[in-house]
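One structure is given here, and the rest of the page talks about it.
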Amino acid sequence: MNTLDKIIKNSMSNTAAFAVEAITAFLLMPFVILNLGDSAYGIWVLINALTGYLGLFKLGFRPSINKHVAEYEAKGDFEGMREYMSATLHIYLYIAVAIICTSVLVSYFLPGLFLDNNEYLLIFQILILFAGVQSVFSLMGTAYGGVISGYQRYEINAGIEIVVILVRALLIFILLPYFKDLYTVAIAHFTITILGFIATIYYGRKISPIKKLSVFKKPGKEILKLIIKYNSISFIIAALAIFMSYMDSVIVGLILPLSVITHYVVGVRLVKYATMFLSVTTKVIAPAISELNAKNNHEMLLKVLHSTYKVSCIVVFPMLAYLVVLGDDFIALWVGDGYEDSYRVMVIFAFASIFIAPTEALGSFLYGLGNHVYLMYINILEAIIIIPACYIAGVHYGIVGIAAGIAVPRAIFRGVILPLMISNKMKIKLLGKFIRSQLIVLLGSVPFIVYLLFSDRTIGDIDSWIKFILHLSLGMCLYLISIYFITLSQQEKEVSNNILGRLLPRVFP
């Protein structure tokens, strides 16, 4: 299978998993809020934010495993792969102990910073301990999930993820109406997630030749040096990324009532889906980039990057346009009335994501080349600027200020500064190519945007799901037609026709 076919297959696998996750979370969120209430759901978001920081202990190993497994497999060096994975799992033994100890400390000391009374104190502490146990299992899941993706078998990871998401959601839908507390959500979430990690370990061992690993044997100096050299940068990137991804919810919990966290998350969640969609679909290029780099095929490297960026723009633009124009109707339809401030948060993040979302591919590109130090620089600069801006703006303007304090600096760093840094390093005019891609996609989006503005004034509120589906379906048909004839080059049309020609017989045999 050639590189393009691998990328398409893996991207489709990740897209399927993400679609299931997004649709399930979309349906589940208002259901959980209705049964738990704003304050209890805010507690659940806050627990996930605090325990999400336990991911710091993974030290950015996943991208490192992806890269090195792909390179070892391309070179046929299975003994090197076995040595690398043995060393990684040996390090994870120490990390597991650190996670358990940290979970105990966090559960004892931190809840008092966020809770004004003891109503949720015990459950807060217990769920943090549960999350610590899950994080220990996630270490092994991360290791063998990295092996699977390093072999570019993303359909396996995607299949496991889909089953986990559906079973977890089904349990919550069945049990929560009868047991309306956070324990129900937590037990379903943690138990099924851990079973998913066990399945990942099984399939990772099955597809690779690295079944007999010396986990308890101290690794050699050379392999440790290799891991530390790559992972020291990956750790900083992962640490900052995890810290920043949960920082906004923590700040909301510190300076505003817990119920406000729910309003903030409602506004952020839909825009995050758009960015997450591109993240999960474009990360498949990392092992492909490593493979191309190992073969010194630099022309194909840049072609993959430019194509991925343009496709990312095509995918994300209609989502963001819809949220900006009709997001208030959508929120009311989704979670009900009383979330007007959520729409303002959504609009701020949607405009910023026009510049942020398409650059998701740059992270995978840099990891694939081993030049992810530039991603580290960006993450450090973002943290220095965003954290104080977010807190100060939040104190004065509430969740709208927090949203602006995050979105505006991130749009500048991700959309402008990161492409300029890569351009300077690789001696290519990356930002100019990206701007041209955005403009040509924006031109192709004009009929869709006009349709949204016109329908917003003529058809009134979208107050039913049937009306929403019909409205969106008609708009997307118009969008795809205009993109095909206005945005795509002749070569891109031929590639699209070829892909459709191969997919349609499988979908409609």
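Computed about its Cα centre, the charge dipole of region 256-509 is approximately 1020 debye, with only Lys, Arg, Asp and Glu carrying charge at their Cβ. Summary of the geometry: region 172-203 and region 126-162, compared by the centres of their Cα atoms, lie 15 Å apart. In whole Å, how far is the Cα centre of region 329-363 from that of region 402-418? For region 329-363 versus region 402-418, the Cα centre distance is 14 Å.
Considering all C-alpha pairs of region 256-509, those separated by over 23 Å amount to 57%. Using only Cα coordinates, the Kirkwood hydrodynamic radius of region 304-413 works out to 15.5 Å. Here the gap between I223 and D463, fully extended at 0.36 nm per residue and compared with their Cα-Cα distance, gives a gain of 80.4 nm. When the C-alpha to C-alpha distance is required to be over 18 Å, the pairs from K303/K427; K310/K433; K303/K433; K295/K427; K272/K429 that qualify are K295/K427; K272/K429.
Per-peptide packing, taken as the mean over residues of other Cβ atoms within 10 Å, places 93-101, 169-177 in the sequence 169-177, 93-101 from highest down. Using the Cβ-Cβ distance between F26 and D77 with R0 set to 51 Å, the FRET efficiency works out to roughly 0.70.
Treating each Cα of region 367-437 as an identical point scatterer and summing with the Debye formula, the log10 of I(q)/I(0) at q = 0.14, 0.19, 0.20, 0.21 Å⁻¹ comes to -0.52, -0.79, -0.83, -0.87.
Label sites at T191 and S259, each approximated as a point 7 angstrom past Cα along Cα to Cβ, lie 3.2 nm apart. Take the Cα of I126, step 7 Å toward its Cβ, do the same at F454, and the gap between the two points is 5.7 nm. Between I428 and F109, the contour length at 0.36 nm per residue exceeds the Cα-Cα span by 109.8 nm. Model label sites at Y202 and F485, defined 7 Å from Cα along the beta-carbon direction, differ in position by 5.2 nm.
We did not get these values from a lab; they are worked out from the coordinates using the rules stated. Just so it is clear, the model here is predicted, and its values are computed rather than measured. Here Cβ is always computed from backbone atoms with ideal geometry, including for glycine, and neighbour counts include all displayed protein chains.
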